[in-house]
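The values are calculated or read from the model by the stated rules, or taken from the named source; none is laboratory data. Note that the structure is a prediction, hence the values are computed from the model and not measured. Here the Cβ is made from the backbone with ideal geometry for all residues, glycine too, and neighbour counts use every protein chain on show.
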Amino acid sequence: MARTPARPRVVIATRLYAPEPSAAGFRMEALAKGLVRAGAEVTVLSTRPPRGTRVPSDEQRIRVRRWPVLRDRSGNVRGYLPYASFDGPALVRMLFARGDVVVAEAPPTTGIVALVASRLRRRPLVYYPGDVWTDALQAVNAPPALVGFARVVERTVVRGASRSLAVSAEVGTRLTALGVASRVIEVGNGVDTDVFRPDVPPADHPTPYFVYTGTMSEWQRPEIFIEALALLEDTRPEIVFLGQGTGEAAVREAADRLARGRVHFHGVVPPSEAARWLRGATAALVSIVPGIGYDFARPTKTYAAAGVGTPVLYAGAAAGAEPVKEGRLGEAVEFDAPLIASAMRRLLDAETGGASSRDRERRAAWARDNVSLRSVGDRAAGVVLSVVAGDAGGPMTTRSGARTGSVQERGER
């Protein structure tokens, strides 16, 4: 086994990093902080956030190096040219960055660039995607040739990496299908429970409302909630949307057609503001369209709502419903507007009757115990540092001392 450096140096390559409000950015920030707590020095190679975003100063032993990139019209680093505008310079930046290991976030184009740089510098790579890119392309009916190319790239990255970190058992199973089972480690996913907590002041809104936070996309199709809202003419609650994405135009069209004046769009907001909107809501809206290739997803929206103690209304594929049911976090129904409308009525009644308020601390406690992003960051950091120490395979030990193996091994127990 190789000798671990006295203070390991880790390079993180990620197109999204805090304070950009994205699950990937916060996940990579949690990893960086976990590495520092474990005694490492960290260099983050990322992008300049959208104009007007306040960028905090570097933290001790975390140096963030930001590079200008192309963004789409909604401000996302998403699409072939935006990816290339990050990946091309990132190759050179990684070649000259000092480190004992490189961690690359999705997409796999960044992973393949990181793999090339790592091979040239003779240091290991850890791949840390939030999902499986090939599945996402299939979900939006991308051309078969593009899906095939993506699968080759993604498989090359997963097989070439010393470890791949999975945010859930479902993602781990998909990564295992692309690579080597013993190298895929499930570390979980979560939210910052110091930001999403039950004592934040609620947002000021004159009428009862449901809130949808984060990305609006084809595989979430959040306009289904507006279709349900239109069925509640007697109670007339409202919906607040926080975020953006490729599905936003469809959501706005549905709002104008079905519920004019009852749907509000506030764009991307800082996490602290999102927490206030969640805290004041009747319920948080979460969805995954079933049957289009994204059934494995467990959205972090669920965990953010639980963090502030607000009920969740989830609609869609079975995997996303599991934490809602197991944690008794709210309502989980099929992807059907009348069923969603009925769940909305039940949640409005629970709020009026006080049941929702009485359960707030229990839901928040579940989030602290099960989906703390700090714990996720520490687990991911432990895997990264095991690679620095020369551990090429076998089980790892979590912070609690429990032994855990690959995703495949976990599924067999």
* Which one of the conditions (1) assigned to a loop (DSSP other than H, G, I, E, B); (2) crowded, with 16+ Cβ neighbours inside 10 Å does residue 328 fail to meet, given that it meets all the rest? -> (2)
* Does residue 323 qualify as being out of contact with any Cys (no Cβ under 9 Å at 6 or more places or on another chain), assigned to a helix (DSSP H, G or I), of a type outside the set (Lys, Arg) and over 29 Å from residue 199 (Cα atoms)? -> no
* Would you check if residue 81 is in the same structural domain as residue 164 (by TED's automatic domain parsing) and surrounded by 15 or more Cβ atoms within 10 Å (Cβ to Cβ)? => no
* **Residues of segment 30-79 satisfying the condition of being within 21 Å of the chain's Cα centre (by Cα), more than 14 Å from residue 14 (Cα to Cα), of a type in the set (A, V, I, L, M, F, W, C) and part of a loop (DSSP other than H, G, I, E, B)** => 55
* Structure fact -> Scanning segment 92-109 for residues that are in contact (Cβ under 8 Å) with a residue 40 or more places away in the chain, farther than 24 Å from residue 155 by Cα and either of a type outside the set (Lys, Arg) or outside the structural domain of residue 133 (by TED's automatic domain parsing) (or both) gives 97, 99
* Structure fact -> Inside segment 117-160, the number of residues satisfying the requirement of being over 30 Å from residue 322 (Cα atoms) and within 22 Å of the chain's Cα centre (by Cα) is 2
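Sort out for me the helices (runs of 4 or more DSSP H) sitting completely within segment 342-407 that have 2 or more residues that are at pLDDT 60 or above and polar (S, T, N, Q).
Details: elements: 355-358, 360-370, 373-388.
Correct list: 355-358, 373-388.
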* Asked: Given (1) closer than 26 Å to residue 377 by Cβ; (2) surrounded by fewer than 18 Cβ atoms within 10 Å (Cβ to Cβ); (3) of a type outside the set (Val, Ile, Thr), where does residue 97 come up short, assuming only one miss?
  -> (2)
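For segment 291-300, indicate whether the set of residues that are of a type in the set (Asp, Glu), modelled with pLDDT under 95, under 21 Å from the mean Cα position of the chain (by Cα) and surrounded by fewer than 16 Cβ atoms within 10 Å (Cβ to Cβ) is non-empty. I'd like the intermediate steps shown before the answer.
Within segment 291-300, the first condition is being of a type in the set (Asp, Glu), and the residues that meet it are 295.
From the residues that got through so far, the ones that are modelled with pLDDT under 95 too are 295.
Then keep just the ones that are under 21 Å from the mean Cα position of the chain (by Cα); that gives 295.
Retained after the next criterion (residues that are surrounded by fewer than 16 Cβ atoms within 10 Å (Cβ to Cβ)): none.
No - not one qualifying residue is present in segment 291-300.
Being among the hydrophobic types (A, V, I, L, M, F, W, C) and either outside the structural domain of residue 376 (by TED's automatic domain parsing) or in contact with a Leu (Cβ under 6 Å, 6 or more places away or on another chain) (or both) is the requirement here; does residue 158 meet it?
Values: among the hydrophobic types (A, V, I, L, M, F, W, C): yes; either outside the structural domain of residue 376 (by TED's automatic domain parsing) or in contact with a Leu (Cβ under 6 Å, 6 or more places away or on another chain) (or both): yes.
For residue 158, the condition - among the hydrophobic types (A, V, I, L, M, F, W, C) and either outside the structural domain of residue 376 (by TED's automatic domain parsing) or in contact with a Leu (Cβ under 6 Å, 6 or more places away or on another chain) (or both) - is met.
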* To do: Would you point out the residue of segment 173-190, among those that are out of contact with any helix residue (DSSP H, G or I) (no Cβ under 6 Å at 6 or more places or on another chain) and of a type in the set (Gly, Ala, Ser), that is farthest from residue 302 (Cα to Cα)?
  => 182
* Asked: Within segment 301-318, which residues are of a type outside the set (A, V, I, L, M, F, W, C), over 15 Å from residue 222 (Cβ atoms) and in a helix (DSSP H, G or I)?
  -> 303, 307
* **Residue, modelled with the lowest pLDDT, within segment 1-29, restricted to residues that are basic (Lys, Arg) and not in a strand (DSSP E or B)** => 3
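In this structure, is residue 191 within 21 Å of the chain's Cα centre (by Cα), buried (at least 21 other Cβ atoms within 10 Å of the Cβ) and more than 30 Å from residue 238 (Cα to Cα)?
For residue 191, the condition - within 21 Å of the chain's Cα centre (by Cα), buried (at least 21 other Cβ atoms within 10 Å of the Cβ) and more than 30 Å from residue 238 (Cα to Cα) - is not met.
Considering 252, 257, 236, 279, which residue is surrounded by fewer than 16 Cβ atoms within 10 Å (Cβ to Cβ), out of contact with any Asp or Glu (no Cβ under 6 Å at 6 or more places or on another chain), at pLDDT 95 or above and over 30 Å from residue 166 (Cβ atoms)?
On the way: 252 fails: surrounded by fewer than 16 Cβ atoms within 10 Å (Cβ to Cβ); 236 fails: at pLDDT 95 or above; 279 fails: surrounded by fewer than 16 Cβ atoms within 10 Å (Cβ to Cβ).
Answer to the check: 257.
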